[in-house]
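Since the structure comes first, as structure tokens, the remarks are kept for the end.
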Amino acid sequence: MLVLGIESSCDETGVAIYDTNKGLIAHTLYTQIELHAQYGGVVPELASRDHIRKLTPLILQTLKESNIDRKELNGIAYTAGPGLIGALLAGSSVARSLAYALNIPAIGVHHMEGHLLAPMLEEIKPEFPFICLLVSGGHSMLIRVDGIGQYKLLGETLDDAAGEAFDKTAKLLELGYPGGPNVSNLALKGNTERYKFPRPMVDRPGLDMSFSGLKTYTLNTWQAAVKDNDATEQTKADICRAFELAVADTLAIKSKRALEQENLNRLVVSGGVSANREIRSKLDALMKKRNGEVFYPRLEFCTDNGAMIAYAGAQRLAAGQSNDLNFAATPRWNLEDLAKI
Ligand code: KG4
Ligand code: ZN
């Protein structure tokens, strides 16, 4: 089954073709980073307009690169939520129109299910059940996954998502948008010994997380440095290092707790923040010590992309699921409400 996948929930337009027999055939991505960088964050209206501009050319390019005629497609998968409503509507309108014109089924994919299943695009795939640490710009969740659509939310962030905390830290240190990679790159030059940031909520039982306090801690540390005439690049690097280590440690402690609670030893880490070097190294060490397994998507499939949407949609379409063409988009959508296959 050949499925075209379309992602447009935020600031990336992604298109891919997934074949349920052969795997991923092609994928293209257009990132709006430059468009939003001057505003220090995503401007929703500009995002929607840019998706409209880029969707058709990207779809044509993906078909051309894969040498596939659109008439050969068997289904269309599009991100239906959660995300920015205008951006979602841009992708879902194009997807549903194409499905109507080609007389093939369309399916609305949950963006976070796309992230969660992204490691399945790799040659060595995780087996069910596993614990998924899903860390993106909008969400931080620990989920027990027993199969596709069998998701039990074990814990989540009570305030800022991990990616959001990276982005806000970058903003207050004037490191530009998007923050995650910039904070992480500067952290490489940071001195590990200089600051020790708190590990939020690790002394409390449970699997919920909170990252907004870390952001405040960063702000206070930076302001104190400014007051002491020490607002240097090195201080920024030292703060980035302490911040990144605190997030990585916290995520590792919570992941360990989730594995213990559910009596599992297989961890899947996905979403934009799973690209982070320090977080990967902490989680690798944790799973090595536990003699367990850990899986990540390849770096380009950690952040938003069309391949993960094509994959998730293809699994559901192949199982006979599809949505009416009047099913458009939903900015809020509970992962636990998804149908199992
Ligand atoms: O999954 P994603 O592309 O979009 C959402 O669904 O939100 O995640 C984007 C988030 C941003 O907050 C970005 O700063 C963060 O992922 N991110 C990183 C890294 N690369 C992207 N955070 C930390 N380290 C990175 N290397
Ligand atoms: Zn995402």
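In region 164-187, the qualifying residues are those that are touching a residue at least 40 places away in the same chain (Cβ under 8 Å) and part of a loop (DSSP other than H, G, I, E, B), and the one that is nearest to ligand 2 (Cβ to nearest atom) is PRO178.
Flag: ASP160 does not match the condition of being in contact with a strand residue (DSSP E or B) (Cβ under 9 Å, 6 or more places away or on another chain), touching a residue at least 12 places away in the same chain (Cβ under 8 Å) and away from ligand 1 (no atom under 16 Å from the Cβ). Contact map, region 115-136: residues that are free of Cβ contacts under 8 Å to residues at least 12 places away in the same chain and assigned by TED's automatic domain parsing to the domain that holds ILE25 paired with residues that are β-branched (Val, Ile, Thr) and within 15 Å of ligand 2 (Cβ to nearest atom), Cβ distance under 6 Å, separation 6+ or inter-chain. No pairs are found. Set side by side, the residues ASN326, ASN291, ASN263 differ, and just one is within 19 Å of ILE6 (Cα to Cα) and surrounded by fewer than 24 Cβ atoms within 10 Å (Cβ to Cβ), which is ASN326. The set of residues from region 253-289 being among the small types (Gly, Ala, Ser) and within 16 Å of ligand 2 (Cβ to nearest atom) comprises SER270, GLY271, GLY272, SER274, ALA275.
Which residues, taken from region 238-286, are β-branched (Val, Ile, Thr) and either touching a residue at least 60 places away in the same chain (Cβ under 8 Å) or near ligand 1 (Cβ under 10 Å from one of its atoms) (or both)?
ILE239, VAL247, VAL268, VAL269, VAL273, ILE279
Pairs are defined by a Cβ separation below 8 Å, a sequence spacing of at least 6 or placement on different chains, a first member in region 291-304 that is within 16 Å of GLY272 (Cβ to Cβ), and a second member that is acidic (Asp, Glu) and assigned to a loop (DSSP other than H, G, I, E, B); the pairs so defined are PRO297/GLU122; ARG298/GLU122; ASP304/ASP11.
The values are calculated or read from the model by the stated rules, or taken from the named source; none is laboratory data. Just so we're clear, the structure is a prediction, and the values are computed from it rather than from any experiment. With ideal geometry, Cβ positions are generated from the backbone for all residues, glycine too; neighbour counts draw on all protein chains shown.
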